[in-house]
Amino acid sequence: MDPQATLARVDGLLARRAPLDAAACLWLAEAVPMVPGRARAIARKLALQNDAASVPGLLAMPRGIAGVVEGIVRAIRTGVARRRIDGTFAPRGLVVTFPRSRARRFGPLLARAAIAFGSRLEVLEVDRKIVYRAGVQEGAGTLAGAVATVAQDLATIVPEALALEGSRLWIHGFPIARGRADRAPARHYVEAFVRYAASCTEPRRSPPP
């Protein structure tokens, strides 16, 4: 698609009042390098839509564009969850994975994760490498209660884990952050998740709508 046609399509989608589908949201995000002057408008459009279709588009955009991190934080805070291929929604929650490492911070990180999560700290083997997985998700009881016991730990564990190459952070089913590049905004993501969880004071009796 030539630059003029790309710009015309971008402007058309930005002007549309109805919510965009997932394909259109992702296309807008991928068009940013071709229409850099529309980057902020695209971030604003996706952030305001704030649903399962728009969040993957935000996640595909550079975090340095004004409005992208804010849009991701808003989605976390309001409980937007990833829609699976079968149409159901992923459970709301936070999951962090980090690899075994020789870095100095690994020992204290693993110790704190073990204290905070106990038997819920999983040890996995991925591509012949040891990976640790910890998190809290909606299920039995309330999400507010589950998160309250580890909220302070998450504020430390997640940024420390993301300092290790190969680490990942998922929130509400979305791949929110990976490695050092996303460490800076991670504290905002965790804070938004903790605030969301605090509002979930009723047990989940059925799958998310």
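The values are calculated or read from the model by the stated rules, or taken from the named source; none is laboratory data. What you see is a predicted model; the values in this text were computed from it and never measured. Virtual Cβ from ideal backbone geometry, glycine too; neighbours counted across all protein chains shown.
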Query raised in the report: strands (runs of 3 or more DSSP E) wholly in the range 107-209 with at least 1 residues that are within 30 Å of Ala66 (Cα to Cα) - which ones?
Result: 129-137, 168-171, 174-178
Query raised in the report: Restricting the range 127-168 to residues that are surrounded by 14 or more Cβ atoms within 10 Å (Cβ to Cβ) and among the polar types (S, T, N, Q), which is farthest from Ala192 (Cα to Cα)?
Result: Ser167
Query - The listed residue being surrounded by 15 or more Cβ atoms within 10 Å (Cβ to Cβ), outside the structural domain of Pro175 (by TED's automatic domain parsing) and closer than 18 Å to Gly173 by Cα, out of Ile65, Ile72 - result: Ile72
Query raised in the report: Based on what the data block shows, is Glu70 outside any loop (DSSP other than H, G, I, E, B) and under 16 Å from the mean Cα position of the chain (by Cα)?
Result: yes
Requested in this report: Tell me, please, whether a residue that is at positive phi and of a type in the set (Gly, Ala, Ser) can be found in the range 152-175.
Outcome: yes
Requested in this report: Go through (1) outside the structural domain of Glu165 (by TED's automatic domain parsing); (2) touching a residue at least 40 places away in the same chain (Cβ under 8 Å); (3) assigned to a loop (DSSP other than H, G, I, E, B) one by one and return the number of the condition Ser101 breaks.
Outcome: (1)
